[in-house]
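Working notes, beginning with the structure itself.
What follows draws every value from the coordinates through simple rules; no lab data is involved. Just so you know, these numbers come straight off a predicted model, no measurement behind them. Heads up, the Cβs are rebuilt from the backbone with ideal geometry, glycines too, and the neighbour counts pull from every protein chain shown.
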Amino acid sequence: MSLETILPYLKPIAQLITDPGISEVMVNANGTVFFQRAGVIEPFEAALEGRKVLTAVKNMARSLGKDISEASPLLDCRLPDGSRIAAAIPPATESVLLTIRKFRPHWFTLAQLVEARALPDYLANLLTEAVQGRKNILLSGGTGTGKTTFTKALVDLIPLSERLAVIEDTRELKIDHPNVFRFEARPEGRASNGEVLTSAITIRDLVRASLRHRPDRVIIGEVRGPEAFDLLDALNTGHTGSISTLHANSAEHALSRLASLAIRADSGVPHHALQCEVGDLIDLSVHVRLQDTHRFVAEVIAVQGFRPDSNRYAVTNVYRA
């Protein structure tokens with residue numbers, strides 16, 4: 001199953017799916033269509049029939065051994081070519097909702113990101129030293145700001161002699177290291193009658209499992225929940241040099257968010273203790289941003305700890321765009 005196999009059901013938007021310059025195609029439940037090119041979202045006039053979109057979605061799910069039905073109306077999957085499909089049908093939405101995120105065959109190196117004015121040369125050198133010096137890096141930003149692209153560029157700087165654990169919700173990162181193992185989360189699978197067919201495999205499950213396979217570094221594609229606690233635990237037990245991403249509004253907000261996510265693990269560790277751990281374990285917080293069509297590093301801060309008296313992190317501004 002590849003994107004080309006769904007084209008007969010989506011002929012009105014086939015040109016969007018086959019255009020290599022378009023990274024994302026969005027079909028809304030009301031029938032409107034949008035696409036993203038070079039970071040800009042634009043509308044597209046198309047006469048799509050809801051039943052054909054539904055047929056395309058069900059065929060994709062079936063070919064991948066998944067089910068989408070009234071009992072299980074949400075679909076999140078990856079095609080063999082690396083493209084990501086997210087879909088929803090009633091009763092979760094008024095009609096069929098479909099988002100296609102196409103696989104990117106080309107990834108940028110850090111040097112190419114410098115050429116693209118995503119960051120200055122001296123900051124690239126600083127980040128290179130941080131990665132090779134096994135500093136723990138937290139990379140934040142909003143949706144579509146390039147977090148995965150920057151993560152890939154940083155991972156490429158890790159010495160090839162090291163063993164990497166790469167954990168993702170949906171596999172996106174292309175890792176070229178020879179000694180790497182990958183884990184991918186899985187949502188709970190249900191039959192059309194609501195029966196649970198497959199149990200969920202969470203990012204938290206995978207972080208804990210990864211530590212039994214002797215990784216030198218743990219790379220988490222996106223921290224979204226209680227796995228933040230297990231990430232801190234891994235960093236506490238010698239797995240330094242981690243690179244992880246999360247959604248946040250600034251470099252300092254990313255630190256607060258990591259502590260807030262960690263408390264969801266219900267470990268009994270007080271919030272202020274988790275804040276102190278974040279302050280002690282994260283070395284650099286890097287925030288990326290999208291402005292117009294330009295993705296760039298907006299700020300970088302070095303973290304020196306957490307100050308309970310002021311309820312603030314002790315940070316030094318390293319870079320601000």
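Residues with amide H under 5 Å of ARG312's amide H, sequence separation 5 or more or different chain, H placed in the peptide plane at 1.01 Å from N; which?
Amide H neighbours of ARG312: ARG307.
Just how large is the dipole of the chain about the Cα centre, in debye to the nearest 20, putting +1 at every Lys and Arg Cβ and -1 at every Asp and Glu Cβ?
The calculated dipole for the chain is roughly 320 debye.
As I understand it, the dipole of the chain uses +1 on the Cβ of Lys and Arg and -1 on the Cβ of Asp and Glu, about the Cα centre. Which of PHE296, LEU232, SER161 lies farthest toward its positive end?
SER161
How large is ³J(HN,Hα) for each residue in region 160-174, as worked out from phi by the Karplus curve 6.51 cos²θ - 1.76 cosθ + 1.60 (θ = phi - 60°), to whole Hz, x for Gly and Pro?
Per-residue couplings from phi come out as 5, 6, 8, 9, 10, 9, 10, 10, 9, 5, 9, 5, 10, 5, 9 Hz.
Between ASN30 and LYS52, what is the label-point separation in nm under the 7 Å Cα-to-beta-carbon projection?
If labels sit at LYS52 and ASN30, their model points lie 2.2 nm apart.
HIS272 versus LEU160, label points 7 Å from Cα toward the beta carbon: distance in nm?
Label-label distance for HIS272 and LEU160, simple model: 5.0 nm.
Extension gain GLU184-ASP121, at 0.36 nm per residue separation less the Cα-Cα distance, in nm?
Separation in residues times 0.36 nm, less the Cα-Cα distance, equals 19.3 nm.
Under 20 Å from a label point 7 Å along Cα→Cβ of THR128: give me every residue in region 89-122 with its amide N that close.
Under 20 Å, as judged by backbone N against the label point of THR128, lie 107-122 of region 89-122.
Find how many whole Å separate the alpha carbon centroid of region 37-51 from the alpha carbon centroid of region 238-282.
38 Å
Can you work out the FRET efficiency for the pair HIS294 and LEU173, with r the C-beta to C-beta distance and R0 = 22 Å, to the nearest 0.05?
Between HIS294 and LEU173 the formula returns 0.45.
Expressed in nm to one decimal, what extension gain is obtained for the pair VAL40 and ALA314 from 0.36 nm per residue of sequence separation less their Cα-Cα distance?
95.0 nm
Each residue of region 81-88 in turn: what ³J(HN,Hα) in whole Hz from Karplus with 6.51, -1.76, 1.60 and θ = phi - 60°, glycine and Pro shown as x?
Taking θ as phi minus 60°, the curve returns 7, x, 5, 10, 10, 10, 9, 9 Hz for region 81-88.
Search the structure for amide H atoms under 5 Å from the amide H of PHE103, placed 1.01 Å from N in the peptide plane, and list their residues when 5 or more places away or on another chain.
Amide H neighbours of PHE103: SER83, ARG84.
Once the dipole of the chain is set up with Lys and Arg at +1 and Asp and Glu at -1 on Cβ about the Cα centre, which of PHE183, ILE282, LEU10 lies farthest towards its positive end?
LEU10
How far, in nm, would the chain grow between ALA71 and GLU195 when pulled straight, counting 0.36 nm per residue and subtracting the alpha carbon separation? Write out the running numbers ahead of the final one.
Values: separation 124, 0.36 × 124 = 44.64 nm, distance 0.89 nm.
Roughly 43.8 nm would be gained on extension.
When the helix-only estimate is applied to the chain (DSSP H runs of n ≥ 4, each -39,500 (n - 2.57), divided by the residue count), what is the mean residue ellipticity at 222 nm, nearest 500 deg cm²/dmol? Write out the running numbers ahead of the final one.
Details: 9 runs with 87 residues, N = 321.
About -8000 deg cm²/dmol.
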